[in-house]
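J.: Quick one: this structure, given as structure tokens, is what I'll be asking you about.
The values are calculated or read from the model by the stated rules, or taken from the named source; none is laboratory data. What you are looking at is a predicted structure, and each value in this text was computed from that prediction instead of being measured. When the accessible area is computed, the model is the full protein with side chains, heavy atoms only, and any ligands, DNA or RNA have been set aside. Shrake-Rupley method; radii C 1.70, N 1.55, O 1.52, S 1.80 Å.
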Amino acid sequence: MHLDELVEENDEEQEEEIVPIQPKEIWKPIEGFDNYMISNQGRVKSLNFNRTGKEQVLRCHKNKDGYLMVVLYKNGKSKNFFIHRLVAQAFIENEEDKPFINHIDGNKMNNSANNLEWVTQRENIKHSYENNLQPVQFNTYKGKFTAEQRQQIKKEYNDVLSLEPDIIIT
């Protein structure tokens with residue numbers, strides 16, 4: 001078998017894998033916090049980690065809504081920041097002075113500069129509905145239930161009725 005035939009045979013056997021190209025990581029200082037930098041990929045680093053003079057990429061945490069946050073310190077006081085806001089402020093122009101930041105792919109964990117855009121509240125809400133990013137909820141007398149919760153309540157109600165058909169629940 002010739003080399004050309006081997007290459008052809010190997011090419012046919014392998015499935016084509018698409019690997020996204022990652023942009024080069026660029027770091028910029030965080031305005032008002034001289035000892036910290038933010039990257040276009042959504043990473044934050046300290047330039048003086050634990051006052052050692054060493055650089056260290058910081059760990060982030062998720063808030064209750066699923067957004068990544070980081071704690072920065074200045075003059076002994078801590079302050080929480082949304083990663084997507086730090087990235088947008090450092091890397092995305094906001095000529096129209098729009099107040100909100102949209103995750104284009106809907107993934108709150110993807111804080112890469114190429115996935116973020118400045119938007120109005122209306123644009124942000126429109127994007128969330130167009131991309132089915134809103135949780136489905138049902139208004140009830142005393143609050144909201146998700147479809148799953150509503151289904152579970154119905155099931156339990158029907159189970160009770162099947163056990164005691166003479167009981168009337170008001």
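J.: Using a 1.4 Å probe over the heavy atoms of the protein chains, calculate the carbon and sulfur portion of the accessible area of segment 38-148 as a whole percent.
T.: Values: 3600 of 7890 Å².
Accessible surface attributable to carbon and sulfur in segment 38-148 totals 46 percent.
J.: Work out, step by step, the length gained on full extension between ASP65 and GLU96: first 0.36 nm times the residue separation, then minus their alpha carbon distance; give nm to one decimal. Could you put the intermediate results ahead of the total?
T.: Working: separation 31, 0.36 × 31 = 11.16 nm, distance 2.68 nm.
Difference between extended and current length: 8.5 nm.
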